[in-house]
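Comments concern the structure below.
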Amino acid sequence: MDLETLYKEAARAAQSAYAPYSRFRVGAALLAEDGSLHTGANVENRSYGLTVCAERSAVFSAVSKGKRRFTALAIAALDSDYPVGPCGACRQVLSEFMDKDAPVYFGGKDGRRESASIGELLPFDSLYDLAAR
């Protein structure tokens, strides 16, 4: 699956976001090593610290289905004027399940897209090599 198709799946997932406080809908589409697709959307909560980002939502959904390795991720921030990459917490979680060179493709509502590898998003990840692969 190409990155633009993956992005379209992320944008579709963002339509299901629960974002009544920020009104900032985000969707993620995660491609598993076996070719299966897993999506997630951000889910906010009045206790803002309990909010779950779209990226982690997608990872947790996939892991609960037995998937452990992912080859690409797309993130669609439908309400952003510019491409929005994953937050720090998501970068940590993604590095647990994706190789350093795995692409992350992200964009906002203006049509611009950015791409970076997990290694570029989380450089000097000293714990990366400790994960059982």
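Read-outs: derived from the displayed coordinates by stated rules, not from any lab. Model, not experiment: these values are computed from the prediction.
Laid out as a table, the results:
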quantity	calculated
The chain - percent relative contact order, Cα under 8 Å, separation 6 or more	21 percent
Cut-off under 5 Å, modelled amide H: who pairs with ALA102 long-range	ILE118, GLY119
Options (1) 1.55; (2) 0.97; (3) 1.21 - which one matches Cα Rg over 2.2 N^0.38 Å as calculated here	(2)
